[in-house]
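Inspection log for the structure reproduced underneath, given as structure tokens.
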Amino acid sequence: MERNKLLHPSLTLLLLLFLPTDASVSGKPQYLVLVPSLLHTGTPEKGCLLLSHLNETVTVSASLESLRENRSLFTNIPAEKDLFNCVSFTVPRSSSHEEVMFLTVQVKGATQEFKKRTTVLVKNEESLAFVQTDKPIYKPEQTVMFRVVLLDENFHPLNKLIPLVYVEDPKGNRIMQWQHLQVENGLKQLSFPLSSEPFQGSYKVVVQQESGETAEHPFTVEEFVLPKFEVQVRTPQIITILEKAVNVSVCGLYTYGKPVPGHVTISICRKYSNPSTCFGGESQAICEKFSGELNSQGCFSQSVETKVFQMKRQEFEMKLEVEAKIKEEGTEVELTGKGSTEITRTITKLSFVKVDSYVRRGIPFFGQVRLVDGKGVPVPKKVIFITANEAKYESNATTDEHGLVQFSINTTEIMGTSLTIRVKHKDHSPCYGYQWVSEEHEEAYHTANLVFSQSKSFVHLEPVPQELPCGQTQTVQAHYVLNGQILRELKELVFYYLIMSKGGIVRAGTHTLPVEQGDMKGSFSLSFPVEADLAPIARLLIYAILPDGEVVGDSAKYEVENCLPNKVGLHFNPAQGLPGSHAHLQVTASPKSLCGLRAVDQSVLLLKPEAELSPTTVYNLLPVKDLNSFPESLNQQEEDNEDCISQHNVYINGIMYSPVSNTNEKDVYSFLQDMGLRVFTNTKIHKPKICSPLPLYEMQTSRRLLASPALAEMDRGGHALMNMVRISEPLATETVRKYFPETWIWELVPVNDSGVAEIEVTIPDTITEWKAGALCLASDIGLGLSPTASLQAFQPFFVELTMPYSVIRGEGFTLKATVFNYLPKCIRVSVHLMDSPAFLAVPEEKEEKAHCICGNGRQTVSWAVTPKSLEKVNFTVTAEALSSQELCGTEAAMVPEYGRKDTIIKSLLVEPEGLEKEVTFNSLLCPSDAGASEQLSLKLPPNVVEDSARAFFSVLGDLLGSAMRNTQNLLQMPYGCGEQNMVLFAPNIYVLDYLNETQQLTAEIKSKAIRYLNTGYQRQLLYKHYDGSYSTFGEHYGRSEGNTWLTAFVMKTFAQARTYIFIDETHITEALTWLSKSRRTMAVSGVLGHCSTMPLRVEWTMK
């Protein structure tokens, strides 16, 4: 939420209060103005004014000053009576990103004037940017889709220009970029295709803003096969050195929630702190290994004795590492899961869970401690000992069922300026050995400084230990002790409070306390709603001005749940469906929100877990989450020397006594400083302190700093779920599954005026669980993120294929088809692989006509397959439940009413076993009336790959007919080594130039050519050397030097390609630099490096 929605300081007040006054109470006018020491431009800020004991009408003004300009924040706010007023103002955007300025506050009346100036830091508001990809990992040739989200510091969407967005590959090459992107409603969707052979590894999307700030988001490119199941390793998070055994549990679960049958192997190791490679495995770690079969729930458990791990030895790491491997029954697919358990020497541990931060004489000091064991479990019915020497306090108490003990310390007789509380349960072990780890019982210490008050009047906010949840009202108790003599005949005393978050004042209020005769002691409560504007950290300040001008106050810090203002919900109906069936997806958000939806196969997240986009990650983007002091660039000491007392020594009986300032005691000014508030006041907020003149050099330096141009020039740069009716559909007896996306949903959806959007979707054919989320933006409310919604795509009878990512043509592999039966009864199933001329398949076992599979069972059928054709080869496998009188075990086989036949079609990449070579023959015929003929020899080379030869011919009646009429056919997808790639890359540019000049360039041809150019560009970077040169095979294959012919051709061609695609200028300049440095060597030898492709040299010569 915004810090406020108040637009004009003289018209809009957060709070206006005319204070009660008493005619019998007299005093001079008192002023107290609070302003954050860090102000952001372009966004509303607040300053709180408190004026009391006014005897005439006054006006309040505030202005910012620098060497560049003066800016008025608010002017001539009138006050006839006492008032408390939080004023909204907006600082205009500055030409510099960050600047230290002088803030002047003036209170002026007919007969009196108060004016004070101090420094504040003014910063231009920063844009928050982050990137979301459709998935965390991609295969070659897939399209990377991502969103750029741009917000202000209140999480509201921005309409703003982003100077640059680019993508870097693992070697730091910029392979794609977008310039001057106009973002509308805070969101921009982009995409780009990967080449067929990109660098594998970690890529990143980089968003560069006008301020120079960048946001990065990583993704991975690999050749992979999605895992079908997850290996879950469950171990205790922590154990102590006294534990006799540790329990380890391993479970295998398919992505659709069913247990995995198979064999598990588990290894538990404790590694040496300084392992050696010279003495074998026993010098690396102590390990225990065991194995077994998974049970019907897909799990296996084992209790392991810890004595083998020598828990009390010092030379080992203080953790156990567990690795589990599950080999799936039938397919022999093996996946790994890992876990770890921390080993601690701590047997018991004490900690303060609720304790006062400061001590106030006269108010009891409250505290609460908790005793837990080494695992963090509360320990009941144990005695703990509490001591506080400064208060002469000693006590013991027994923990309750939650391990808690409460205590209260009388503070009236405290000696000194601080109070230290020590809490212990047991003494430490007396045993010690440098090679051994001894048990430990951790004690707890807490030191609280005293708060100074000249009248011994105090107010104290009771601590709240837990995080404040959003959407609830929080109540805080305020305790007070007031000196009756100071209050005299005052009838009411007003306490003021304000709340700060993200560095700004967001709430304010008052509490009026009736004054009674004599000293007063008691408490009252303050309540405030907890919303997103208080997150992630809220600071509460409470204060009151006594009749003599003394200010009493306290502050407290609260952790707040990281909630977002736009409440977003996402819901599938039904939550489970058949592949290919329809489902409804409902989004609820603030009206007129724009929502970006994403649904990904859970297998992708198992393969590559990603950092979840959550409110916490968004809050971590904030430049200021908590203003807990003055910014470093401000002069910290400029107010500290106010109202100091001159030092006067006292001489008594031959001894000189010198007064000393008490640096430990807290005063009201330090509470304000802790909240980052600048204060303008004539009240008493400082404790007495001795004036200590600065050395001459420091005084001059300080004065120069405040007056220096350098200071001014500082520049560092509607939630309601609707009832939905499930649409009944006729259930198919046969299912054909061939659509297996990794990202199912990736689209933008607007929410209507009622705050609801409904989409009908078709469930893909993958048997899995889909994980979906929504990111919504509303211009008036801001950002919202939905919890993860799940949809399980499942059918009780289906077949799955197990195959590699790719194979080489002619090389055999094993294709496995596993039939799953999750029906309550047995079925008799036939499994058939459809024949195809693209491959040869031979059953690995004697082929059976039918297999009997009972409930929760499976059957795997294998074929030895040899691919015979290239590119994508489809494999079609059908599993059909047969009607049969033959018994399955002891019962008759059932036939499902629906889904009795499941067909799955999956493709496999078949790669060639050689390199493609093309030869062109040209003939010129001059026919007579009788005609003309010529024979061409299509003799193939002896090492040609079988069945790979192809021939094409065309006859045209003019010399230039082929080039002029079929220019677009000259476009080719670049591939091969560094030279071959460029031979195919360059003509695409020339074809585009020609078609463009002759006005024959269509959108379809241009799109095809640009796709080829992007692919060729990404591929050519594979052959770049660290020095900027290029060679046939690049550094990856051990070639040590670049080739001048190829490097010069790449440089020239890249420069020409800039007209059509993004080319990183770095590649051109680095190539030019390398060629320049290589001139001396070239003058001697003529050429550097090896270039084997003659067409490349011809191409270079012609152009």
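The values are calculated or read from the model by the stated rules, or taken from the named source; none is laboratory data. This one's a predicted model, so the numbers in the text were calculated from it and none came from an experiment. Quick reminder, even Gly has a Cβ in these numbers, built from the backbone with ideal geometry, and neighbours come from all protein chains shown.
Residues of segment 477-504 that are part of a helix (DSSP H, G or I) and more than 16 Å from V668 (Cβ to Cβ): G484, Q485, L487. Quick check: anything in segment 449-460 in a loop (DSSP other than H, G, I, E, B), at negative phi, charged (D, E, K, R) and surrounded by 13 or more Cβ atoms within 10 Å (Cβ to Cβ)? No - not one qualifying residue is present in segment 449-460. Residues that are crowded, with 24+ Cβ neighbours inside 10 Å and out of contact with any Lys or Arg (no Cβ under 9 Å at 6 or more places or on another chain) within segment 554-567 comprise just one, N566. Taken over segment 407-448, the criterion of being part of a strand (DSSP E or B) and of a type in the set (D, E, K, R) is satisfied by R422, K424, E440, E442. Looking across segment 469-489, the residues that are touching a Leu at 6+ places or on another chain (Cβ under 9 Å) and either of a type in the set (D, E, K, R) or crowded, with 17+ Cβ neighbours inside 10 Å (or both) come down to C470, Q474, V476, A478, H479, Y480, L482, N483, I486, L487. Can you confirm whether segment 452-461 contains a residue that is under 41 Å from the mean Cα position of the chain (by Cα) and either farther than 30 Å from A478 by Cβ or modelled with pLDDT under 90 (or both)? No, because not a single residue in segment 452-461 is under 41 Å from the mean Cα position of the chain (by Cα) and either farther than 30 Å from A478 by Cβ or modelled with pLDDT under 90 (or both).
Based on what the data block shows, is H851 buried (at least 17 other Cβ atoms within 10 Å of the Cβ) and over 43 Å from the mean Cα position of the chain (by Cα)?
Answer is yes for this residue.
Report the residue count in segment 568-589 for those that are surrounded by 23 or more Cβ atoms within 10 Å (Cβ to Cβ) and among the small types (G, A, S). Going through segment 568-589 one residue at a time, the tally reaches 1. Name the single residue, out of those in segment 420-447 being among the polar types (S, T, N, Q) and surrounded by fewer than 14 Cβ atoms within 10 Å (Cβ to Cβ), that is nearest to V383 (Cα to Cα). Out of the qualifying residues, it is S429.
Do we find that I175 is among the β-branched types (V, I, T), in contact with a helix residue (DSSP H, G or I) (Cβ under 6 Å, 6 or more places away or on another chain) and outside any loop (DSSP other than H, G, I, E, B) in this structure? For I175, the condition - among the β-branched types (V, I, T), in contact with a helix residue (DSSP H, G or I) (Cβ under 6 Å, 6 or more places away or on another chain) and outside any loop (DSSP other than H, G, I, E, B) - is met. Taking the criterion of being touching a Leu at 6+ places or on another chain (Cβ under 8 Å) and either part of a strand (DSSP E or B) or modelled with pLDDT of 95 or more (or both), the residues of segment 789-810 that qualify are A789, A793, F797, L801, T802, S806, V807. Tell me, yes or no, whether segment 858-879 has at least one residue that is of a type in the set (D, E) and under 11 Å from S830 (Cβ atoms). Checking segment 858-879: not a single residue is of a type in the set (D, E) and under 11 Å from S830 (Cβ atoms). Restricting D715, D753 to residues that are among the acidic types (D, E), part of a loop (DSSP other than H, G, I, E, B) and at pLDDT 75 or above narrows the list to D753. So, of the residues in segment 650-678 that are outside any loop (DSSP other than H, G, I, E, B) and touching a Lys or Arg at 6+ places or on another chain (Cβ under 9 Å), which turns out to be nearest to V359 (Cα to Cα)? So, considering only residues that are outside any loop (DSSP other than H, G, I, E, B) and touching a Lys or Arg at 6+ places or on another chain (Cβ under 9 Å), the one nearest to V359 (Cα to Cα) is K666.
If the condition is being closer than 30 Å to E223 by Cα and out of contact with any Asp or Glu (no Cβ under 9 Å at 6 or more places or on another chain), then segment 913-942 contributes G914, L915, E916, K917, E918.
For segment 143-172, filtered to residues that are in a loop (DSSP other than H, G, I, E, B) and of a type outside the set (D, E, K, R), the residue that is nearest to E125 (Cα to Cα) is N154. Can you find a residue that is of a type outside the set (A, V, I, L, M) and over 30 Å from S303 (Cα atoms) anywhere in segment 255-275? Within segment 255-275, not a single residue is of a type outside the set (A, V, I, L, M) and over 30 Å from S303 (Cα atoms).
If I filter segment 601-608 for residues that are under 30 Å from D753 (Cα atoms), crowded, with 17+ Cβ neighbours inside 10 Å and not polar (S, T, N, Q), do I get at least one hit?
Looking for residues that are under 30 Å from D753 (Cα atoms), crowded, with 17+ Cβ neighbours inside 10 Å and not polar (S, T, N, Q), one finds none in segment 601-608, hence no.
If the condition is being of a type outside the set (S, T, N, Q) and in a loop (DSSP other than H, G, I, E, B), then segment 875-891 contributes E886, G889.
Tell me yes or no: at least one residue of segment 654-668 is more than 24 Å from V451 (Cα to Cα) and at pLDDT 85 or above.
No, because not a single residue in segment 654-668 is more than 24 Å from V451 (Cα to Cα) and at pLDDT 85 or above.
Listed by position, the strands (runs of 3 or more DSSP E) enclosed by segment 282-378 that each have at least 3 residues that are within 27 Å of S429 (Cα to Cα) are 334-344, 346-355, 365-373.
Residues are listed down the side, and each one gets a yes or a no for (1) in the same structural domain as F192 (by TED's automatic domain parsing); (2) at pLDDT 70 or above; (3) assigned to a loop (DSSP other than H, G, I, E, B):
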{"site": "Q935", "(1), (2), (3)": "no, yes, yes"}
{"site": "S954", "(1), (2), (3)": "no, no, yes"}
{"site": "G976", "(1), (2), (3)": "no, no, yes"}
{"site": "L984", "(1), (2), (3)": "no, yes, no"}
{"site": "I989", "(1), (2), (3)": "no, yes, no"}
{"site": "I1005", "(1), (2), (3)": "no, yes, no"}
